[in-house]
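Novice: Take this structure, written in structure tokens, and hold onto it; I'll ask about it next.
Readers should treat all values here as calculations from the given coordinates under stated rules, not as data from a laboratory. For clarity, every value in this text was computed on a predicted model and none was experimentally measured. Neighbour counts run over all protein chains shown; Cβ positions are idealised from the backbone, glycine included.
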Ligand code: HEC
């Protein structure tokens, strides 16, 4: 009971939130004040992008900007990428409401 795998630790998160954690997005982006500072806050991104755009972007960021520091996530299914996009947009809406 004392040691928990990352999967168990995130078991109560929504699927989109769990993917953002599992895929390591927070190494570079921050969310709710914690995470990396190499890239924009996810709340900022979610305030001016929609879930479909984010899903397309995650598959191949180099198609949007050459020499980007943003890794591609082509191993994820489109529905998984949309779940992450939905989560990021919802996180932005929640942070605006506060
Ligand atoms: C190695 C660091 C790194 C990781 C890991 C990373 N990102 Fe990024 N991300 C960046 C950088 C740097 C940019 C800015 C790229 C540019 O402007 O070309 C970016 C840009 C983005 C954008 C586009 C922002 C916009 O409005 O133009 C989205 C969406 C995004 N990241 C989401 C994610 C998600 C979701 C994950 C996890 C699946 C993730 N990132 C993982 C570094 C990272």
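Novice: Report the extension gain between residue 90 and residue 67 in nm, rounded to one decimal, defined as 0.36 nm multiplied by the number of residues separating them, less their alpha carbon distance.
Specialist: 5.4 nm
Novice: Can you compute the helix-only [θ] at 222 nm over the chain? Use -39500 (n - 2.57) per DSSP H run of at least 4 residues, normalise by all residues, nearest 500 deg cm²/dmol.
Specialist: When only DSSP H runs of four or more count, the value is -14000 deg cm²/dmol.
Novice: Right, next: Counting other C-beta atoms within 10 Å, which of 43, 59 has the fewest, and how do the rest follow?
Specialist: Ordered by Cβ neighbours within 10 Å, fewest first: 59, 43.
Novice: Exposure proxy check: 70, 84 ranked by fewest other beta carbons within 10 Å?
Specialist: If I rank by nearby Cβ atoms, fewest first, I get 70, 84.
Novice: Based on other C-beta atoms within 10 Å, arrange 37, 94 from fewest to most.
Specialist: Result, fewest neighbours first: 37, 94.
Novice: Semi-axes of the equivalent ellipsoid for the chain, please: Cα gyration tensor eigenvalues, times 5, square-rooted, ordered largest first, whole Å.
Specialist: With the √(5λ) rule applied to the chain, the semi-axes are 21, 17, 14 Å.
Novice: Another one. In 10 Å bins starting at zero, report the fraction of Cα pairs in the range 45-98 per bin as a rounded %.
Specialist: Here the calculated profile for the range 45-98 is 27, 48, 22, 3.
Novice: For the range 14-97, what is the relative contact order in percent, using Cα pairs closer than 8 Å and at least 6 residues apart in sequence?
Specialist: Reported relative contact order: 35 percent.
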